[in-house]
Every structure is written in structure tokens, then in C-alpha cells.
Amino acid sequence: MRTNKSLRMALVCLGVLMFATLAGWAKTYHFASTKIDPSAMGDVDVSKDKNGNAVVSLRVEHLAKPTMLTPPSTMYVVWFQQPGSEPENEGQLKVGDDLRGQLRTTTPLHSFDIFVTAETDPTTRTPSDQVLLQTRVQE
């Protein structure tokens, strides 16, 4: 009887320790909006995969339809930029009728800026000046 109780307690402690360790690997960063769309907001969750890459999951809300901006655009693009490097296009951020969007990607970068721009071409290699959201990831 005593062994079962001790075993259960050890398993509970192990589970709590594992959860705390896993939760410690993920960090949440908050986007700052700009004057282009001050109501826009969002978060970025960054965790590590088994290879040490950063798994980046971003969620945005209250992001105006790109066609409603001045000047109008057709889509949003997410960019990652390491200090001293050129920005990298990480893909199109699709925004639904509920003004929410999300994107999940993996990167070998560890300390970098993330920003969202309004664009007319999803494959552009240079971000426009229309930055709507931005944050800095520090690992």
C-alpha cells in the first residue's frame, strides 16, 4: 500500500517537472501595432523542435482587410530579420472575414525581428513600408 502511494507521488512529481520543463521552452511575444492599423494585435509563440529550430506560431486579430488600407494592398506578408541581415519573406498571412489570421513556420534563427507588411505580391523579396505589426524574438 505504501509503495503504491510513493509511486503515485513520484509519478505526479515527474509529470509536474516535465510540464514545467516543456512550458519553459516556449515563449510568447506580443506584437506592437503601428499607426497604419492601431487596432491590430497579436502574439507569437516560439518553441524548439527536436533539431533545435525555432517553431514560430503567430496569431493576429483586428487586422484590417488589406484592401481597406491607404494605399490599398492585396495581402499581408510575414518577415523575419536577423540583426545585420536582409529580411526574409516567411509567407502570406491570410486574414479571414473575422479579421483574424495565423501562420506557423520553422526557422533556424534564434534572435530576430518579426514584422507583418501589406503587400501586392506574396513572393516579394523586399518588404513594403506598410508595417502593421512588429516584435523582437530573443532566445
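The values are calculated or read from the model by the stated rules, or taken from the named source; none is laboratory data. What you see is a predicted model; the values in this text were computed from it and never measured. Don't worry about glycine lacking a Cβ; one is built from the backbone with ideal geometry, like all the others, and counts go over all protein chains shown. Only protein heavy atoms, including side chains, enter the accessible area calculation; ligands, DNA and RNA are left aside. Shrake-Rupley method; radii C 1.70, N 1.55, O 1.52, S 1.80 Å.
Some observations on this one:
- Out of E86, E61, sole residue that is surrounded by 13 or more Cβ atoms within 10 Å (Cβ to Cβ) and among the acidic types (D, E): E61
- Top-ranked residue of region 98-110 - restricted to ones that are under 16 Å from S33 (Cβ atoms) and within 14 Å of the chain's Cα centre (by Cα), ranked as most open to solvent (accessible area, probe 1.4 Å): R100
- Given (1) within 17 Å of S39 (Cα to Cα); (2) assigned to a loop (DSSP other than H, G, I, E, B); (3) of a type outside the set (F, W, Y), index of the condition L133 fails: (2)
- Candidate set: region 59-97, residues that are part of a helix (DSSP H, G or I) and without any contact (Cβ under 8 Å) to a residue 40 or more places away in the chain; chosen: the one farthest from P38 (Cα to Cα): T67
- Members of region 106-139 found to be of a type in the set (S, T, Y) and within 11 Å of V46 (Cβ to Cβ), listed by number: T106, T107, S111, T135
- Here T28 qualifies as β-branched (V, I, T) and at pLDDT 90 or above.
- Residue check for M68: farther than 14 Å from E119 by Cβ, out of contact with any Lys or Arg (no Cβ under 9 Å at 6 or more places or on another chain) and surrounded by 15 or more Cβ atoms within 10 Å (Cβ to Cβ): no
- Condition check for S73: open to solvent by less than 50 Å² (accessible area, probe 1.4 Å), closer than 17 Å to K27 by Cβ and in contact with a helix residue (DSSP H, G or I) (Cβ under 6 Å, 6 or more places away or on another chain): no
- Of the numbered criteria (1) in contact with a Phe, Trp or Tyr (Cβ under 9 Å, 6 or more places away or on another chain); (2) charged (D, E, K, R); (3) over 15 Å from V137 (Cα atoms), the one D113 fails is (3).
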